[in-house]
């Protein structure tokens with residue numbers, strides 16, 4: 001008999017994250033070490049890239065995010081397949097996407113939502129909320145340009161590239177207002193970033209439209225015209 005369901009919520013924080021009171025270290029249920037990346041470090045990386053490379057720093061962030069996201073996918077895929085006893089490609093798509101939401105949250109990357117209603121244009125609308133990967137993105141505003149969401153864009157693009165086995169690219173097309181990193185705000189505002197994800201040939205024109213000031217709704221209207 002073939003089962004189409006995941007045995008249980010593998011990424012439940014209660015069971016997935018283990019702590020060692022003696023050392024203060026965190027690990028996964030597989031025993032792999034978890035590292036908490038402080039906001040200060042992420043902001044320092046963005047500031048250093050901006051200082052050394054200017055706007056070219058966005059390419060470095062995207063490349064790093066893509067490499068990171070690809071490694072993350074490969075590692076998570078191994079965990080899931082070992083737990084389920086089947087390949088990801090044999091997993092029910094609905095269950096896999098639900099698992100994706102769970103693992104995004106437990107790894108501190110916030111909530112992820114996927115909208116496939118624009119697939120006729122070859123694009124998926126991906127929205128993340130309260131993601132640690134947006135930390136430092138405000139550095140792009142220092143020169144009056146757009147916030148730097150390339151780290152998260154590269155991460156998402158790599159995930160879908162691995163999953164689909166195709167050359168996928170992602171571009172941020174909407175985002176919440178950027179907080180002031182120098183203000184100590186204990187009650188953090190809800191934040192979101194929206195991306196259009198698809199084949200590189202589909203997303204490259206979108207990147208140009210975003211630089212012209214267009215946002216998600218306008219871009220999708222333009223594609224539908």
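Any read-out appearing in this document is the output of simple, stated calculations on the displayed coordinates, not a laboratory observation. Everything numeric in this text was worked out from a predicted model, so none of it was measured. FYI the Cβ positions are ideal-geometry reconstructions off the backbone, even for glycines, and counts take in every protein chain you see.
What to note about this one:
- Among the residues of region 55-65, those identified as loosely packed, with under 15 Cβ neighbours inside 10 Å and touching a residue at least 40 places away in the same chain (Cβ under 8 Å) are 55, 59, 63.
- Residue in region 29-46 that is crowded, with 17+ Cβ neighbours inside 10 Å and over 23 Å from residue 206 (Cβ atoms) present: yes
- Evaluation of residue 94 against (1) loosely packed, with under 13 Cβ neighbours inside 10 Å; (2) under 25 Å from residue 57 (Cβ atoms) (one fails), failing number: (2)
Yes/no matrix, rows are residues, columns are (1) farther than 21 Å from residue 175 by Cβ; (2) buried (at least 16 other Cβ atoms within 10 Å of the Cβ); (3) in contact with a helix residue (DSSP H, G or I) (Cβ under 9 Å, 6 or more places away or on another chain):
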site	(1), (2), (3)
53	yes, no, yes
67	yes, no, yes
80	yes, yes, yes
119	yes, no, no
128	no, yes, yes
133	no, yes, yes
